[in-house]
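Report on the structure given below.
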Amino acid sequence: KMVAARSSAADVLQSFDHYSSTDEAFTYKFQPKFQKSTKNNPMSGICFFSWIEILSKRWRQLDYVTYWPRILMISFLSMFNSLLASVEYLLFESSIRQTTPNPRPVFILGHPRTGTTLLHSLMALDEGQFDVCTTFCAGFPSCFLWFERFGKQMFKGILDETRPMDNVVLDFDLPQEDELATNVLSAGTSPYMPLFFMPQEAKFRPYYAFDDHSSGDEKLPPEEMATARKRWVNTFYYLCQKLTLRSLRTKQAALRLVLKSPVHTARIPLLLRIFPDAQFIYIHRHPYDVFRSAAHMADTAYWYTYFSTPQDEDVQEFILRQYEILWDRYEEGRKILEQNMAKSDGGAKQLVEIAFDDLSQKPVETMNSIYEQLGWDMSTDMKRSLERTVSGDVKSYKRNRYTKLDPRLRATVQERWGASFDRLGYEK
């Protein structure tokens, strides 16, 4: 597992910017591909009744002709997953419910394509202090406590060797986004649902923050919002219980969970209600680079997940609006954390902000700074693992130059993401 984590971190260091982008017009051009593929689909671990619940709401939105292979595969897998989940329920449900997660998890925040995966991979090296949600746990959250060892062999064919959008290794043992699991377990009560139903992405915007005081496209009727929030919270906490029980079984300790999902960036108040003593690391990157990288991810990885084909405008608006929501909500949550830190006795911080440029170019120094500011001890084993992981990679790492954005698209990014340029000090 340690070797896999080191490999992932090194791959991530090399993967950023290793693509070509063609920003030809005001609207980014996305080219359909992989539409008959059944690989790399985060819905593969869903259970039957959750799948039926999604279909009952979304069956008119499915493009059956184009995506019938993956729709059929997910349908068959959902029945098999339900059998596996039934066994897990009989074996572990009582233990899961009695398990209390470590009250001080660490949340990695940041917009998609800002370096959250790199940071997650580096922190996963500290196996004596932290534990993570692995790709298998995220992909098959209903059965990983008993089926993980067998499932990693049985399902290895559903993953490519590397991620579609870059050269980062895909492996069931590597750190993964916990929201993928929560989405599957909650039957789509998540802002990750646009990965499957992009033309309807606006419908899922209330699920970023689950905030009663939301307005505009983030608003739901009060009872509906309360129901959705309760379902997400219960599902997320249940996943944390399962991950903790797994940690107790494999490492004999309820280690602190390091949880990374970009959408958590919008949920600081909600996460603090669940874990008041949680700590947060926010990583940022130049907004132009974020847009280009996010567009590239949408034009590669997302084509493996869709059940309906979006227009270019749908995907671009998803990228733009998601950034706006995450930024605005983060700024609100940051003020809460700063108030908490102002009331403390000046000890360990609850929030640290870092730049992707620093992490990618000076990973050891940046990790040492994170540990120091958050009041953590870095063990000798962690220091050695970190040095082994980044030695040579940082020296040889060269960032490619981007093709410039079309001036009209550049102006759109400036206009809509301007607040983050200003606050984080990025040049427009």
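All of the numbers you see were taken from the coordinates with simple rules; none came from a lab. On a predicted model such as this, the values are computed, not experimentally measured, just so you know. Cβ placement follows ideal geometry from the backbone for every residue including glycine, while neighbour counts extend to all protein chains displayed.
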Distance-filtered residues of the stretch 149-182 - backbone nitrogen under 17 Å, label point 7 angstrom along SER95 Cα→Cβ
149-151
Have a look at TRP417, TRP51, TRP376 and tell me which one the Gaussian network model of the chain (Cα, springs below 10 Å) gives the largest fluctuation.
TRP376
Starting from the Cα of LYS57, draw a straight line to each of the lysines and keep only those under 22 Å, dropping any in the same chain fewer than 8 residues away.
LYS203, LYS219, LYS230
Relative contact order in percent for the chain (Cα pairs under 8 Å, 6+ apart) equals 27 percent
Just check the stretch 91-198 against the gyration tensor rule for me: Cα atoms, a ≥ b ≥ c as the square roots of the eigenvalues, rounded for a/c under 1.5, and otherwise prolate or oblate depending on whether a/b exceeds b/c.
rounded
Roughly what % of DSSP beta bridges within the chain run antiparallel, to the nearest 5?
10 percent
Sum of side-chain charges, GLU427 neighbourhood, beta-carbon under 14 Å (Lys, Arg +1; Asp, Glu -1)
+2
Kindly point out which whole DSSP H helices in the chain project their C-alpha atoms 27 angstrom or further along the helix axis while averaging a Kyte-Doolittle hydropathy of -1.0 or above.
64-98, 222-251
Counted charge near LEU185, where neighbours are those whose Cβ lies closer than 11 Å (Asp, Glu -1; Lys, Arg +1)
0
Going by a ≥ b ≥ c, the root eigenvalues of the Cα gyration tensor, does the stretch 303-366 fall in the rounded group (a/c under 1.5), the prolate group (a/b larger than b/c) or the oblate group?
oblate
Among MET123, MET225, MET43, which one moves the most in a GNM of the chain with springs linking Cα atoms closer than 10 Å?
MET225
Taking the stretch 296-428 and dividing mean pair separation by its residue count, relative contact order in percent (alpha carbons under 8 Å, at least six apart)
22 percent
Is the shape of the stretch 262-302 best called rounded, prolate or oblate, per the rule: a/c under 1.5 gives rounded, else a/b larger than b/c gives prolate, else oblate, with a ≥ b ≥ c the square roots of the Cα gyration tensor eigenvalues?
prolate
At 222 nm, what value in deg cm²/dmol follows for the chain if DSSP H runs of at least 4 each add -39500 (n - 2.57) and the sum is divided by all its residues, to the nearest 500?
-17000 deg cm²/dmol
Charge tally in the Cβ shell below 13 Å around TYR208, where Lys, Arg are +1 and Asp, Glu are -1, TYR208 excluded
-1
GNM on the chain, C-alpha springs below 10 Å: top fluctuator among LEU405, LEU119, LEU259?
LEU405
With labels modelled as points extended 7 Å from the Cα through the Cβ direction, what inter-label distance (nm, one decimal) is found for ARG149 paired with GLN200?
4.1 nm
